[in-house]
Ligand code: PEP
Ligand code: MN
């Protein structure tokens, strides 16, 4: 992976976005500092390598072909002060436990991708925020400004891009350490799921799936087969590719293939607010070879989806493009069928994944942003129903979750209510499923997948 030298053809390609409108970028008061920071990033080592990105693209090609599921999950916004072995470990455990259940229910490999090691920048619907009569710039993620509600903290600081690189690198080191040489054996992960079920009010409902997994494990043992593919679990990292002053300088050239790669994460996605066809984000991501996601909200037309495919996946390469659909529980049946039908009819080979979080955010009476577990489950169910009716593949889920026992979303097996939001609301941005709500989601999705 080679750094790009100014005035080479590769350098020019990576920077074609620079003259285009770029939504949701911070306005830095000090351009000289930004310039120094981007130069430093341009010479920093890559965080991920081309071979890893290509392998993830192969795995996502299986999702696009209907032979695998994607499980993508993690915080809405990671924060610098929560990079710790414990938080990374509990998030990985949660994703592994969900993946074991979904693998069994779908009888398919599950591709595991964290919203992790780079999820530090947030698009916002409002540029400012007012509290007790004081109006300040909105928080845009730790990569841009501080969460504290003070004028000082909210000033965008380019130095934070270097901290983002460092925090991503530290997190990725933990991810690589925990997954090196295989994660926990499948039997162990299943034991953790047994512990979860034992403490769940819905334990009777979950018994059937858990017993099915018990029998499958015993069968494998009896045949002498070992669930190698699970034990050797591959895990990939992803984030929203929002800040082009971070992503572009970290682009590297693979001299063997001549291709360009964003090296800040394996998979990057373009958000609902920055997927403008004529904008800078689509332009930049059209130049790199990583697997790319695009969020599609309820106003997406089939024509827009087709044009995004033309821009981002002109070769119709399975695994290159994942549509992460976030419509809201009430809108899926109305909007999704036409999108899927027209995209499928065009011959494109995209993976379809359901983000059941971002269309279902509501305000609690207390003012907390929250989401109802039943809306989240309902959107996933509707997504699978639509694909089932069309004979297309519902490729998986993209969720905001944490391995910690926070209280940010309401409902789930323990039926959290609005008053519980006061207990442990720790998200720097959107409300996440806590550990047990995440496992509830996996078991309940498994139930309808398994029939
Ligand atoms: C997000 O994934 O946190 C996000 C902001 O999503 P969207 O672009 O779909 O609103
Ligand atoms: Mn979010």
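The values are calculated or read from the model by the stated rules, or taken from the named source; none is laboratory data. Note that this is a predicted model, so its numbers are computed, not measured. Positions of Cβ are generated from backbone atoms using ideal geometry, with glycine treated the same way; all protein chains shown enter the neighbour counts.
Considering segment 69-96, the residues that are more than 16 Å from ligand 1 (Cβ to nearest atom), in contact (Cβ under 8 Å) with a residue 60 or more places away in the chain and surrounded by fewer than 24 Cβ atoms within 10 Å (Cβ to Cβ) include one that is nearest to residue 291 (Cα to Cα), namely 92.
Going by the conditions given, is residue 434 buried (at least 21 other Cβ atoms within 10 Å of the Cβ) and over 22 Å from residue 112 (Cβ atoms)? No; evaluated as a whole, the condition is false for this residue.
Is it the case, given these coordinates, that residue 139 is within 22 Å of residue 26 (Cα to Cα), part of a loop (DSSP other than H, G, I, E, B), in contact with a helix residue (DSSP H, G or I) (Cβ under 6 Å, 6 or more places away or on another chain) and in contact (Cβ under 8 Å) with a residue 60 or more places away in the chain? No, not satisfied. Considering only residues in segment 113-126 that are buried (at least 24 other Cβ atoms within 10 Å of the Cβ) and closer than 22 Å to residue 434 by Cβ, the one that is farthest from ligand 1 (Cβ to nearest atom) turns out to be 117. Taken over segment 431-440, residues that are within 23 Å of residue 394 (Cβ to Cβ) and within 16 Å of ligand 2 (Cβ to nearest atom) amount to 4.
A count restricted to segment 110-130 and to residues that are in contact with a strand residue (DSSP E or B) (Cβ under 9 Å, 6 or more places away or on another chain) and within 15 Å of ligand 2 (Cβ to nearest atom) stands at 9.
Within segment 77-91, restricting attention to residues that are assigned to a loop (DSSP other than H, G, I, E, B) and within 16 Å of ligand 2 (Cβ to nearest atom), the residue that is farthest from the chain's Cα centre (by Cα) is 79. Filtered by the rule that a residue be assigned to a helix (DSSP H, G or I) and in contact with a helix residue (DSSP H, G or I) (Cβ under 7 Å, 6 or more places away or on another chain), segment 1-22 gives 16, 17. Scanning segment 35-51 for residues that are out of contact with any strand residue (DSSP E or B) (no Cβ under 7 Å at 6 or more places or on another chain), surrounded by 19 or more Cβ atoms within 10 Å (Cβ to Cβ) and in a helix (DSSP H, G or I) yields a count of 2.
Take the conditions (1) over 26 Å from residue 63 (Cα atoms); (2) touching a strand residue (DSSP E or B) at 6+ places or on another chain (Cβ under 9 Å); residue 366 misses just one of them, which is (2). Criterion applied to 293, 319, 297 was being within 16 Å of ligand 2 (Cβ to nearest atom), within 17 Å of the chain's Cα centre (by Cα), under 25 Å from residue 51 (Cβ atoms) and at pLDDT 95 or above, and the one residue passing it is 293. For segment 425-435, the criterion of being touching a helix residue (DSSP H, G or I) at 6+ places or on another chain (Cβ under 6 Å) and over 18 Å from residue 122 (Cβ atoms) is met by at least one residue. For segment 380-416, a tally of residues being touching a strand residue (DSSP E or B) at 6+ places or on another chain (Cβ under 6 Å) and either away from ligand 2 (no atom under 16 Å from the Cβ) or farther than 23 Å from residue 449 by Cβ (or both) returns 8.
Residue by residue, here is whether (1) within 24 Å of residue 158 (Cβ to Cβ); (2) within 16 Å of ligand 1 (Cβ to nearest atom) holds:
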residue: 188; (1), (2): no, no
residue: 200; (1), (2): no, no
residue: 243; (1), (2): yes, yes
residue: 262; (1), (2): yes, no
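For (1) farther than 19 Å from residue 441 by Cα; (2) more than 16 Å from ligand 1 (Cβ to nearest atom), each residue gets a yes or a no:
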{"site": "366", "(1), (2)": "yes, yes"}
{"site": "397", "(1), (2)": "no, no"}
{"site": "404", "(1), (2)": "no, yes"}
{"site": "409", "(1), (2)": "no, no"}
{"site": "416", "(1), (2)": "no, yes"}
{"site": "422", "(1), (2)": "yes, yes"}
{"site": "427", "(1), (2)": "yes, no"}
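When restricted to residues that are touching a strand residue (DSSP E or B) at 6+ places or on another chain (Cβ under 9 Å) and either free of Cβ contacts under 8 Å to residues at least 60 places away in the same chain or surrounded by fewer than 17 Cβ atoms within 10 Å (Cβ to Cβ) (or both), segment 142-169 contains 5.
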